[in-house]
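First the structure, in the form of structure tokens, and then the observations on it.
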Amino acid sequence: MKKYFTFILISGATIILSAFYKLPKRFSPPGAVQINDTLWYDQTEMSNINWREFVGWVEKEYGHDSRQYIKALPDTLVWREKNSYNEPYVNYYYRHVAYNNFPVVGISYEQAVDFCKWRTDRVKEYLLKQDMGKTYVFEYRLPDKSEWQGVSLLGWGKKAKMMIRSGKYNNNRPYNLNYLSGDMNGIAGTIANKGADITSPCESNFPNEKDLYNLFGNVAEMTRERGKSVGGGWIHTLEQSEFNNTVSYEKPASWLGFRCVCVVKNP
């Protein structure tokens, strides 16, 4: 069966979307998992390599010294914490290939919104080239809290259940959260969970029945409401990350990331 890639190809990079077999007659937004007739949800948080493709596109379009390019760069200084030495993360977390598939951090609300718009435009460009036979009306955006709640309470998926039954996860926690308490909260280098001292890869920990990863923990995820995130990050406790709670933020942080939803108005 012929395989079609829905990745955007920019400067040799194959990032942002996903791959699937033979374009279906019914539109399925690239890079997301279907939740209901009109809502699709990203399987993982946006990663460093996703963000570098976005930045690469902006640089190619507007130039290295442009205002647009500088505006798109993440704030890598979010790793500098009081009473800790995190210069390796400042220098390497966003740029080094070892962290390609770790969630991007140091992103502002405005940058995340810009990314969603950029992603929508790139997918529309892709579909125009595919002769889908129909014009679809859709938008990638940040999720509402209610949308996140709807997927965050789904049970474990088959893969996770098999691993749990096998005993492989017996000594591990299901989320990358701060299971310790007290003074170490928020300091990189603290082994708070499974030996992970900061974030863990986007496709790690327990996926749910829709194969969505890290809805709780790893990085707290921005919602459409500016300054409000859900799910908690690697520095947060289980209580802070609960279903009904939100974590407030004022600026980019080492524990804050995002993922997109795609809303299709004429599926």
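Just so you know, all these numbers are worked out from the coordinates, no wet-lab data involved. Quick caveat, the model's predicted, so the values are computed rather than measured. Note: ideal-geometry Cβ built from the backbone for every residue, glycine included; neighbour counts use all protein chains shown.
Of the GluC sites (Glu not before Pro) in region 195-267, the ones in a loop by DSSP (not H, G, I, E or B) with at most 10 other beta carbons within 10 Å are GLU239, GLU250.
Under a 5 Å amide H cut-off, with hydrogens placed 1.01 Å from N, SER47 pairs with VAL104 among residues at least 5 apart or on other chains.
Could you put HIS236, HIS96, HIS64 in order, starting from the residue whose Cβ has the fewest other Cβ atoms within 10 Å?
Values: HIS236 26, HIS96 13, HIS64 9.
Fewest to most other Cβ atoms nearby, the residues stand as HIS64, HIS96, HIS236.
Summing Lys and Arg as +1 and Asp and Glu as -1 over all other residues whose Cβ lies under 10 Å from the Cβ of GLU209 gives a net charge of +3.
If R0 is taken as 22 Å, the Cβ-Cβ distance between ARG226 and GLN68 corresponds to a FRET efficiency of 0.55. The residues PHE216, PHE138, when put in order of fewest to most other Cβ atoms within 10 Å, stand as PHE138, PHE216.
Across region 44-56, computed HN-Hα scalar couplings (Karplus, 6.51 cos²θ - 1.76 cosθ + 1.60, θ = phi - 60°) run 9, 5, 5, 9, 4, 5, 4, 5, 5, 5, 4, 4, x Hz from first to last residue, x flagging Gly and Pro.
Cross-linked pairs LYS161/LYS210; LYS124/LYS265; LYS159/LYS210; LYS60/LYS251; LYS71/LYS251; LYS210/LYS265: Cα-Cα separations exceed 18 Å for LYS60/LYS251; LYS210/LYS265. Separation of region 39-73 and region 239-267, taken as the distance between their Cα centroids, equals 18 angstrom. Amide H of ASP197: which non-local residues (sequence gap of 5 or more, or other chain) have their own amide H closer than 5 Å, using H built in the peptide plane? Result for ASP197 returns nothing.
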